[in-house]
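Heads up: the structure comes next, in structure tokens.
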Amino acid sequence: MTSPPERSRFTKPHILLLVVLSKLVMNSTNRFLTPFVAFFSEGMGISIEKFTVALLAVGEVASLLSLSISKHAAKLEPGTLAAICYFFAGLFNLAVLLLPDTLVSTWALVTMCLLRLGFGTCYNLSLSAIQSSLASNVDPEWQGRITGIVESSWTLASASFAAVGILLNKAGWKGPFVLNGALTLLFALPLYFALPSDKQGSKEETKKTAESQGLNKESKGLAMLSFESLGLYGCLLLKDTGTYLILTTFSLWLEEQWGHGAEEAGFASLVISAGEGLAVLMMATVSDWIGIENCVSFVSFAIAIGTIGFGIFEADNLHICLAFFGLTFMFFEWGAISMIAYAGSKFTADTRVSALSTVFCCMAIARSVSAVIAEPIYELPSGMKGVVFSGAILQLCAATLFVCTRNGSEGRGSKREGMVWVERQL
């Protein structure tokens, strides 16, 4: 029988540093288009509206594509899957050098969309591979802390946007793609050798492990479709849709209500960055104490309270509104990280990549749904108040659904799961 992997290996400093830096590059490449969409669209010679719609459509298709192949990708070791994804993601970014400076022609725009589709698919699968390795190789009592450290790459990615702005001015719109593409390629080989396996010995041992922890054991199609996992996906859709309603309309509200001057915009960016940093800190310090499962439901209730406060003080005091927005964003980020960690802990190695791909697909669907319904709700007489209270209702529904569908098992860092982990090592 194959011996179980060395579960402490993921926590070694050099592996953690490698994972954080590699995810920093991937997250930066995935996110830098959004804050600079006006500059990229101008450099490409296309309208902002067309570029935004293209990005949204490509993101959705990439999520569905990664979900459709996740079952086959799960057969690979996490290091192998991550290396393949990083290698091709780097090539997709470097391929923009083959495109003309402006994308006015249809074929150029379609080619650009196909390159982003390829990158998006690799991005989603690489996240699933890294999280699957983490879930299988970290002591349950350290799950939240290690996940918080790894997900600090999101905060660092936001901080790296200053370099993106410099590259846009110095090298044009292709500059950020080329730099990130080269860096992504550099991480492919180290990830192949560094990421620990997520396979827990033989099939019989995996089945016993799943049964002892009360985990789902059957995979139906693309992901495991048990009552609890469907509740998880539904909770994620409701929670993210409710939050993205506010994120989508916030800049519009800020501009209409307060003029969106340089001071307000700078303070809003600071609030968002602080929210991301606090979310990582909370994940690393609090989640293991109260349990990952409890974090998921608690965060949804907290977001509801934050959005209600935002609605009460809306248009009365800018700084109070931004403070409530920052708290909402912090709890949203904390909830997203907790959801990913929870999904990683609730499924066996054979189906974990599929389950995580489903989670990322739900996130993409929530973004699209919120983009469609946010503006009509905002244009109602209630304005921003209608948006934030709609978001609060969705958050409460998400928390209620999750509490009602969970199987009542203890938190990830509980003594019971800690004992199960110890027994599995003997």
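The values are calculated or read from the model by the stated rules, or taken from the named source; none is laboratory data. These numbers come from a predicted model, not from an experiment. The protein model used for the area step is the full one, side chains on, heavy atoms only, and it has no ligands, DNA or RNA in it. Shrake-Rupley method; radii C 1.70, N 1.55, O 1.52, S 1.80 Å.
Assorted remarks:
- Filter on Lys50/Lys71; Lys346/Lys385; Lys75/Lys346; Lys50/Lys170 - keep pairs with C-alpha separation over 30 Å: Lys50/Lys71; Lys346/Lys385
- Calculated P(r) of segment 1-130 - Cα pairs past 22 Å, %: 44 percent
- Shown for segment 99-195 is the translational diffusion coefficient from the Stokes-Einstein equation, using the Kirkwood radius over Cα pairs, a temperature of 25 °C and a viscosity of 0.890 mPa s: 152 µm²/s.
- Sorting Glu228, Glu256 by solvent-accessible area of protein heavy atoms yields Glu256, Glu228, largest first, with a 1.4 Å probe.
- Where Thr249, Thr400 fall by accessible area, highest first, once all protein chains stay in place (1.4 Å): Thr400, Thr249
- Area accessible to solvent at Cys397, 1.4 Å probe radius, in Å²: 60 Å²
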